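The values are calculated or read from the model by the stated rules, or taken from the named source; none is laboratory data. Values in this document were obtained by computation on a predicted structure and should not be read as measured data. Cβ sites come from the backbone with ideal geometry, for glycine too, and all protein chains shown count toward neighbours. Note: accessible area is taken over every heavy atom of the protein model, side chains too, but ligands, DNA and RNA are not part of it. Shrake-Rupley method; radii C 1.70, N 1.55, O 1.52, S 1.80 Å.
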Amino acid sequence: MPHLGPEGRTDYANFLLQATPRAFALSPEGAWGWAAALPDAAATAARAIELCASWGGTGCRIYAADLAVVWPGMESPAPPPAPAAPVEAGAGWSLVPDGRFLWQGPKAARGAYVWAHGRAAGGQDSRGSQPQPHVRVFNNAGYDVLRFDRDPLTDETDTAAAWLKQALQTLRAQGYDRIVMGGQSRGAWNALQALEVPGLVDGVVAVAPAAHGATGSPAWAWALDDLRRVVEGARSPRARVVVANFARDEFDPDPDRRATLFRSLGAPRVASLLFLDRPREVVGHGGGADARFTLRYGACILGFIEGRAARCD
């Protein structure tokens, strides 16, 4: 990259973990600024240039936008588009390649990362929502990213688990060397249910798993028993599993007892477990979407899933 010193290059690495639309601006003096996830590309680019100028940059220009470098003379070729059609679909669900991430295809990709959104308590439609930031770590390392989207009108826990198993079998047949199943809340619960079928996934990243509603839900009476059944039903001795649980999670009926259950999800049920239990930096049911979670644990989660030595202090 032109002009940038070490601090700017470090911040550019942080930029590469951001949701789209995103834009990174820099100036000949070495000033920079970036913005992400604003309503549209034009507003995002304008904000990046504004921030660059606020740090003393003159002639700030966009260096990178979304998935490409656009700096004059250094333009990167447009990345191959993700397929427009779902890999698999049925009534109320689909497994969709996400075009907001770099795409390589099953022959060239390091693996596939499938992301499952949560089920909103108010019945909002979460289809098409961007996966949490740690998924960018996998994409930047060469993984294709797909979404497991479900219609909120038919998105029941065990029904969705059956859909997911069907979708993952189809994806495996496409030839990916490694399949990682990740999700948040109910999506994370379904990701853990995928462990019931040996060989279906090579890794799971379950962020704040939940399937029984928020504080006051009558379903809390049987939530721990259901979680015990999910843990005891795991039959994937080659899969590596990450579970992240956060303090002050309004969907967690009993943090200490749930932690005990999650810690029992080890060999021989799965190959290995990394349990991130109530990290200090982030709290709440949506803690996995906090940038600090990705900055501290993203690379560690990738390394653990791939079986490399990984410190998650």
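Seen from Trp55, the other residues with C-beta closer than 12 Å to its C-beta sum to a net charge of -4, counting Lys and Arg as +1 and Asp and Glu as -1. Summing Lys and Arg as +1 and Asp and Glu as -1 over all other residues whose Cβ lies under 14 Å from the Cβ of Gly233 gives a net charge of 0. Counting only other residues whose beta carbon sits under 9 Å from that of Phe101, what net charge do I get with K and R as +1, D and E as -1? Residues near Phe101 contribute 0 overall.
With each run of n ≥ 4 DSSP H residues scored as -39500 (n - 2.57), what mean residue ellipticity at 222 nm is computed for the chain after dividing by its residue count and rounding to the nearest 500 deg cm²/dmol? Walk me through the numbers before you get to the answer.
Numbers: 8 runs with 90 residues, N = 313.
That calculation yields -9000 deg cm²/dmol at 222 nm.
Amide H contacts of Val204: Met181, Arg240, Val241, Val242, each under 5 Å away and 5 or more positions distant or on a separate chain (H built 1.01 Å from N in the peptide plane; Pro and chain starts excluded). Basic side chains Lys and Arg get +1 at the Cβ, acidic Asp and Glu get -1 at the Cβ, and with that the dipole of the chain about its Cα centre reaches some 700 debye.
Taking N as the number of residues in the chain, what is its Cα Rg relative to 2.2 N^0.38 Å? Before the final figure, lay out the partial values.
Numbers: Rg = 20.1 Å, N = 313, 2.2 N^0.38 = 19.5 Å.
Expressed relative to 2.2 N^0.38 Å, the Cα Rg reads 1.03.
Farthest toward the dipole's positive end in the chain, which of His212, Val180, Ser272, given Cβ charges of +1 (Lys, Arg) and -1 (Asp, Glu) about the Cα centre? Working it through, the farthest residue towards the positive pole turns out to be Ser272.
Placing +1 on the Cβ of every Lys and Arg and -1 on the Cβ of every Asp and Glu, with no other charges, gives the stretch 46-145 a dipole of roughly 140 debye about its Cα centre.
What part of the accessible area of the chain, given as a whole %, is carbon or sulfur when the probe is 1.4 angstrom? Intermediate results must be reported in sequence, preceding the final value.
Details: 7320 of 13500 Å².
The computed percentage sits at 54.
Relative to one another, the C-alpha centroids of the stretch 144-179 and the stretch 1-80 are positioned 35 Å apart. Charge dipole of the stretch 1-105 (Cα centre as origin; +1 on each Lys and Arg Cβ, -1 on each Asp and Glu Cβ, all else neutral): 60 debye, rounded to the nearest 20. DSSP finds beta bridges in the chain, and of those with both partners inside it, around 40 percent are antiparallel.
Farthest towards the positive end of the charge dipole of the stretch 166-283, among the residues Gly199, Val243, Val282, is the Cα of Gly199, using unit charges on the Cβ of Lys, Arg, Asp and Glu.
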